[in-house]
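The block underneath contains the structure these notes are about, expressed in structure tokens.
Quick note: the coordinates plus some simple rules give every number you see, no bench work behind them. This one's a predicted model, so the numbers in the text were calculated from it and none came from an experiment. Methodologically, a virtual Cβ is constructed for each residue, glycine included, from the backbone with ideal geometry; neighbour enumeration extends over all protein chains shown.
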Amino acid sequence: MNDFIAAEPPKDADLISNGDFWPAICPAAFTSAMRLDGTTTPERQREALIAAMVNTNRELKVWRLLQQERGYLSLKEVPYDDLVDGESPGVHNYRRAVFCIAKANITERYRDFDATAKGDRRADSLESAVDDLWRDARWAMRELQGLNHNTVALI
């Protein structure tokens, strides 16, 4: 008998609302896009997504206010050159930032889930993946704002 029970994936109907400007986030899309394997519960994923949305919204607050002053009521109204897969690149970048932050948050807490030596080694091997997720989130937020990935200052 197998004692492993996979977590049930979230349903599309469980969209997380996100105010008037930012797009709602679909937990099922997060689970699929970020290749989560069922070891985290839908509730844990939802909490990670909400925390990531709050973080991303805070980081982009000044930019959002500027867009609203320009008359754009939502991110999807902000003009970009071309739609990608029927959506604004801004919406894609926003979603990528939220997904990366949420997955980084879940991955950073891997040790809490599996405190065995094997789990500890696995968590150590995931450190570079977590760094990549945080970097990708930063890049997505910068791209959303039309900024370059790197800021260079002369010393």
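Here are the numbers for the structure shown:
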item	result
Backbone HN-Hα couplings from phi across segment 44-61 [Karplus 6.51/-1.76/1.60, Hz, Gly and Pro as x]	5, 4, 4, 4, 5, 5, 4, 4, 5, 5, 4, 4, 5, 4, 5, 4, 9, 4
TRP139, TRP63 arranged by Cβ crowding within 10 Å, fewest neighbours leading	TRP63, TRP139
Segment 12-144 - charge dipole about Cα centre, Lys and Arg +1 at Cβ, Asp and Glu -1, debye rounded to 20	280
TYR94, TYR80 arranged by Cβ crowding within 10 Å, fewest neighbours leading	TYR80, TYR94
DSSP-assigned coil residues among trypsin sites (Lys or Arg not before Pro) in segment 45-87, each with at most 13 further Cβ atoms within 10 Å	ARG70
